[in-house]
Amino acid sequence: MLKVRGLKVNYGVIEAVRGIDFEVKNGEIVTLIGANGAGKTSTLNSIMGLVPKSGGEVHFFEEDITNLSTDKIVQRGLTLVPEGRRVFINLTVEENLRLGAFHNEEEFPKLLEFVYTLFPRLKEKRHQFGGNLSGGEQQMLAIGRALMGGPKMILLDEPSMGLAPIIVKELFNTLKRLNREEGITFLLVEQNAGAALKLADRGYVLENGLIVMEGSSSQLLSSPEIREKYLGG
């Protein structure tokens with residue numbers, strides 16, 4: 001579904017991503033784990049065309065999307081929920097969701113009902129401004145906004161950041177439901193490696209811009225090196 005080959009991202013002389021290869025198959029949940037500065041966010045942003053690539057190729061459903069603009073990539077069914085949620089704080093919940101359907105206006109009523117069924121709290125607060133929501137509600141809104149485009153695959157950047165464990169559990173259960181029941185594929189970037197690997201089918205470990213390990217989630221969870229570096233021993 002998504003194939004990344006030789007991806008490089010530079011910021012001036014700094015090599016943030018140094019020629020990585022990975023893929024995500026249709027229907028999977030795959031996670032990229034690694035410490036701060038490993039290149040995880042740069043990888044997602046470059047896939048979406050938000051930062052320029054210094055090298056490599058990205059294919060989505062066999063189509064080369066390497067040099068497409070972000071809006072064209074979204075129209076093909078690939079979207080990003082960015083780090084820090086980035087909801088529009090001066091727009092209502094429903095206005096935020098409408099923006100997510102910018103190229104899918106004809107499906108807006110159906111998708112809106114779907115998002116409200118998935119996240120009843122958003123329906124309750126649909127007339128409130130995004131800036132008045134809790135962190136967990138803002139993350140629900142960010143995911144809901146991504147769903148309004150009818151995506152086939154969602155890239156998620158640090159969705160658990162700053163959230164209480166009970167909210168993280170609820171959120172990850174929702175992602176699992178979207179994957180199992182709606183067939184949405186996910187590429188998940190997370191510092192909470194334990195939670196990410198328990199949710200995902202497979203994982204890649206990114207260190208200093210390079211993929212240094214990959215495998216099934218059970219393989220990575222049982223690795224002494226992963227336990228020591230990312231799971232607190």
* Asked: Can you count the Lys pairs in the chain whose Cα atoms are under 17 Å apart, with each pair 8 or more apart or on different chains?
  -> 18
* For the chain, build the charge dipole from Cβ charges (+1 Lys, Arg; -1 Asp, Glu) around the Cα centre, then report which of Leu112, Leu188, Asn132 sits farthest towards its positive end. => Asn132
* Asked: Expressed in nm to one decimal, what extension gain is obtained for the pair Arg121 and Arg177 from 0.36 nm per residue of sequence separation less their Cα-Cα distance?
  -> 18.4 nm
* **Cβ-defined net charge surrounding Leu99, 15 Å radius [Lys, Arg +1; Asp, Glu -1]** => 0
* Just flag the GluC sites (Glu not before Pro) in region 195-233 sitting in loop per DSSP whose Cβ has no more than 14 other Cβ atoms within 10 Å. => none
* Hydrodynamic radius of region 99-173 per Kirkwood, over alpha carbon pairs, in Å -> 13.0
* Asked: What trypsin sites (Lys or Arg not before Pro) in region 51-83 are in a loop by DSSP, with at most 16 other Cβ atoms within 10 Å of the Cβ?
  -> Arg76
* Asked: With a sphere of radius 14 Å drawn around the Cβ of Gln75, what net charge do the other residues whose Cβ falls strictly inside it have (Lys, Arg +1; Asp, Glu -1)?
  -> -2
* Could you pull out every residue, at least 5 positions away or on a different chain, whose amide H is within less than 5 Å of the one on Leu91? Hs are placed 1.01 Å off N in the peptide plane, and Pro or chain starts have none. => Gly130, Gly131
* Structure fact -> Taking placed amide H atoms and a strict 5 Å upper bound, the residues 5 or more places from Val51 or on another chain that come that close are Ser46
* If you take the alpha carbon radius of gyration of the chain and divide it by 2.2 N^0.38 Å, what ratio comes out, to two decimals? -> 0.99
* Structure fact -> Sites removed, the longest contiguous part of the chain containing no DSSP-loop chymotrypsin sites (Phe, Trp or Tyr not before Pro) with at most 16 other Cβ within 10 Å is 103-233
* Structure fact -> Phi angles of region 166-171, converted by Karplus (6.51 cos²θ - 1.76 cosθ + 1.60, θ = phi - 60°) into ³J(HN,Hα) in whole Hz with x for Gly and Pro, give 5, 6, 4, 4, 4, 5
* Structure fact -> Along region 132-139, Karplus-curve 3J(HN,Hα) (6.51, -1.76, 1.60; θ = phi - 60°) to the nearest Hz, with x for Gly and Pro, reads 8, 7, 6, x, x, 5, 5, 5
* From the phi of every residue in region 4-20, what ³J(HN,Hα) in whole Hz does the Karplus formula 6.51 cos²θ - 1.76 cosθ + 1.60 yield, where θ is phi - 60° and glycine or proline is x? -> 10, 10, x, 5, 10, 9, 10, 10, x, 8, 7, 8, 7, 10, 10, x, 9
* Structure fact -> Amide H neighbours of Ile65 at under 5 Å, excluding residues fewer than 5 places away on the same chain, with H built from the backbone geometry, are Val58, His59, Phe60
* To the nearest 20 debye, what is the magnitude of the charge dipole of the chain about its Cα centre, counting +1 on the Cβ of each Lys and Arg and -1 on the Cβ of each Asp and Glu? -> 320
* Asked: Using the Cβ atoms and a cut-off under 14 Å, what net charge is assigned to the surroundings of Leu175, where Lys and Arg are +1 and Asp and Glu are -1?
  -> -3
* Rounded, prolate or oblate (a/c below 1.5 giving rounded, otherwise prolate when a/b exceeds b/c) for region 150-192 by Cα gyration tensor -> oblate
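Taken together, the values in this text are just the output of simple stated rules run on the coordinates, not laboratory data. All of these numbers come straight from a predicted model, not from anything done at the bench. Glycine also receives a Cβ, built like all others from the backbone with ideal geometry; neighbour counts cover every protein chain displayed.
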